[in-house]
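*Asks:* Structure provided below as structure tokens; questions to follow.
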Amino acid sequence: MDVFFQTVVAGFLKGGLYALIGIGMTLIMGVMGIINLAHGQLMMLAMYVTFVLNTMGVDPYISLFVAMPVLFLIGVIIQKVLLNPLIKVETILPENQVLMTVGIGMVITEVARFAFKSDYKYVKTAYSDATFFFGGVSFSMALTIAFAIALAFTAAMFWFLLKTDLGRSIRATAQDKDAATLMGVNTGRITVITFGLGAALVAAAGSLLAPVYYIFPDLGGPFTAKAFIITILGGLGSTVGAILGGVTLGLAESLGATYLGMEYEDIVGLAIFVAVLLFLPGGFKRLTKI
């Protein structure tokens, strides 16, 4: 039973960080109507920002306040320069924006490979391997701190979306872009800001994961896949669903790794993904309202 509780705790802590990744992709999906397939690569870029700052003596949990603005700016530039022009061009291939994000992800990966080589990088801190015990269950110090910060960012994002004029404009644009435009919302500006916010949120997740995860240029692909799975599990455009999807994926991977083997960690998550598509096509969005 102790092993089970230990596995659940580890999965829940990891799932909290996955939720932060999923919320970023969900915001972009809700407003733009596309899946950002460069999402994981943006997170990888933030992890390298954290790594560089760590070599200068900056704590990774402090460096996220640098990584987030940097990735917000990069996200804004990507949206304005590379994606917005595609919105205005009529083509026989409406998925051209999605294909553009694939290309952006490839470019980011190769730029990172050129700058940092392909070998693994590590962010070293005094608490990376530290643990503490509560009720006989051990907690990773780094993951627990990261989970608490991710929870704070998630709460702040909900407050922003529900209580501020800009947040309400983002929600209105996600619900009905044409109606929002008729009500005076500058949907073009909202689209740019939302892509930047999505990039900033995944940057926060990258900085929080850096002390417990190795960094290499091809890291982005697997995390893009995780973000996509979380978005589908949660229901396209649902922020609450993204949280549920992230926690579900984290628990599934943790239970799979413990009871089936480390090599089955990703397979269990994918199996749940397929099951949700078959038996709950709308994802957890059908159970939520936000």
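Values in this text are rule-based calculations from the coordinates and carry no lab data. What you see is a predicted model, and the numbers here were worked out from it, not measured in a lab. We place every Cβ from the backbone using ideal geometry, glycine too, and count neighbours over all the protein chains shown.
Let's see how each residue does on (1) under 17 Å from the mean Cα position of the chain (by Cα); (2) farther than 19 Å from Ala150 by Cα:
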{"residue": "Ile193", "(1), (2)": "yes, yes"}
{"residue": "Ala204", "(1), (2)": "yes, no"}
{"residue": "Thr248", "(1), (2)": "yes, no"}
{"residue": "Gly256", "(1), (2)": "no, yes"}
{"residue": "Ala271", "(1), (2)": "no, yes"}
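*Asks:* So is Thr131 touching a residue at least 12 places away in the same chain (Cβ under 8 Å) and either under 23 Å from Leu37 (Cβ atoms) or touching a strand residue (DSSP E or B) at 6+ places or on another chain (Cβ under 6 Å) (or both) or not?
*Replies:* On the way: touching a residue at least 12 places away in the same chain (Cβ under 8 Å): no; either under 23 Å from Leu37 (Cβ atoms) or touching a strand residue (DSSP E or B) at 6+ places or on another chain (Cβ under 6 Å) (or both): yes.
No.
*Asks:* Scanning the stretch 232-267 for residues that are without any contact (Cβ under 8 Å) to a residue 24 or more places away in the chain and not in a helix (DSSP H, G or I), which turns out surrounded by the fewest Cβ atoms within 10 Å (Cβ to Cβ)?
*Replies:* If we take residues in the stretch 232-267 being without any contact (Cβ under 8 Å) to a residue 24 or more places away in the chain and not in a helix (DSSP H, G or I), then Gly261 is surrounded by the fewest Cβ atoms within 10 Å (Cβ to Cβ).
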